[in-house]
Amino acid sequence: MKKLAVFDLDGTLAESKSPLDPEMTALLDQLLKIVKVAVMSGGSWAQYQKQVLSYLRHDDHLRNLFLLPTCGTRFYRYDGAWQELYSEDLSAGDRVLIIDALSKALDQAGCRAEKHWGDLIEDRGTQITLSALGQDAPLDEKRKWDPDFAKRSRIKTILEPLIPKFAVQLGGTTSVDVTARGIDKAYGIKKLHETLGISIEDMVFVGDAIFPGGNDYPAKQAGVVSIKVRDPDESKRVIEAFIACLGEEGDQ
């Protein structure tokens, strides 16, 4: 019996930078009643509050919810209020170095868009994220820009030699995430194990970027049983299966 279900956010539980829809909200509320749930994503804590926490039922079942923003570089748990357990902040100098390298790689890859919406590079403290069409780009534009990850793979190939002591991962629809090396979703899985006392064998991970270079892939490399989904609609069917299986096991 699995004791912890871990999910990516953008592209898995919700469309990119969009709120949980009513069906997903209801499914997660139901899942939280029967099993512990973690959400681990490249998004910032503010993005979690906007996309997830504003929609979930605010009751004692939130004690079963664990949030790991910026690819597991932060960890929050609920104890009447949200408490930050750790934050693996990058130094000011490292953040400047990464931002400069991301800008250079974007140009050298020939991937700088003629039009963008909002900032291209966001300093999230523990992570620097490139959103190639800007932080506020329309979802339809983002979906069209790099559906096969080819553009971002080119950026990643150029970027990695420029900042060799950092980890570069691809996620979302237009994003490239940079964290300290070793601080990624595998690190988040390890921290979930240490904090909750749940073995990796008793976890399952669901994400849309479970492939080499994808920011969900380190979770699979950590040894977690992983389920790759295409989009939030497919994730809903996976959650329905979790509820059916775990609910039946709990009734035995």
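Helix 232-251 and the longest principal axis of the Cα set of the chain meet at an angle near 30°. Subtracting the Cα-Cα distance of Ser18 and Asp140 from 0.36 nm times their residue separation leaves 42.7 nm of extension gain. What does the helix-only formula give at 222 nm for the chain: each DSSP H stretch with n ≥ 4 adding -39500 (n - 2.57), the total divided by the residues, and the result rounded to the nearest 500 deg cm²/dmol? After summing the helix terms and dividing by residue count, I get -11000 deg cm²/dmol. Rounded to the nearest 20 debye, the dipole size of the range 91-200 about its Cα centre is 300 debye, using +1 on the Cβ of Lys and Arg and -1 on the Cβ of Asp and Glu.
With every protein chain in place and a 1.4 angstrom probe, the accessible-area ranking of Arg63, Arg124, Arg57, largest first, reads Arg57, Arg63, Arg124. Counting only Cβ charges, +1 for Lys and Arg and -1 for Asp and Glu, the dipole size of the range 81-136 around its Cα centre is about 220 debye. If R0 equals 30 Å, the separation of the Cβ atoms of Arg181 and Phe211 corresponds to a calculated FRET efficiency of about 0.95.
Dipole of the range 6-92 computed with +1 at Lys/Arg Cβ and -1 at Asp/Glu Cβ about the Cα centre; of Ser18, Val35, Gln51, farthest Cα towards the positive end is Val35. Cβ-Cβ distance of Lys50 and Asp123, R₀ of 25 Å, FRET efficiency by 1/(1 + (r/R0)^6): the value works out to about 0.90. Under the criterion of Cα pairs below 8 Å and six or more residues apart, the relative contact order for the range 39-165 equals 19 percent. Using the alpha-carbon atoms, what tilt in degrees (0 to 90, nearest 10) does helix 150-162 show relative to the longest principal axis of the chain? Here the helix axis deviates by roughly 70 degrees. Considering only DSSP beta bridges whose two residues both sit in the chain, what percent are antiparallel, to the nearest 5? Percentage antiparallel, nearest 5: 55. Computed extension length for Ser103-Phe149: 14.7 nm, one decimal, from 0.36 nm per residue of separation with the Cα-Cα distance subtracted.
Between the Cα long axis of helix 22-31 and the first principal axis of the chain there is an angle of about 50°, rounded to the nearest 10. Rounded to the nearest 20, the Cβ-based charge dipole of the chain about its Cα centre (Lys and Arg +1, Asp and Glu -1) stands at 540 debye. Short-range pairs are left out: with C-alpha atoms under 8 Å and at least six residues apart, the relative contact order of the chain is 23 percent. Shown in residue order for the range 49-58 are the 3J(HN,Hα) couplings computed by the Karplus curve 6.51 cos²θ - 1.76 cosθ + 1.60 at θ = phi - 60°: 4, 6, 8, 10, 5, 5, 10, 5, 5, 8 Hz (x for Gly and Pro).
The values are calculated or read from the model by the stated rules, or taken from the named source; none is laboratory data. Predicted model, so just to flag it, every value in this text is computed and none were measured. Cβ atoms come from the backbone with ideal geometry, glycine included; neighbour counts cover every protein chain shown. Heavy atoms of the whole protein, side chains included, go into the accessibility calculation; ligands, DNA and RNA do not. Shrake-Rupley method; radii C 1.70, N 1.55, O 1.52, S 1.80 Å.
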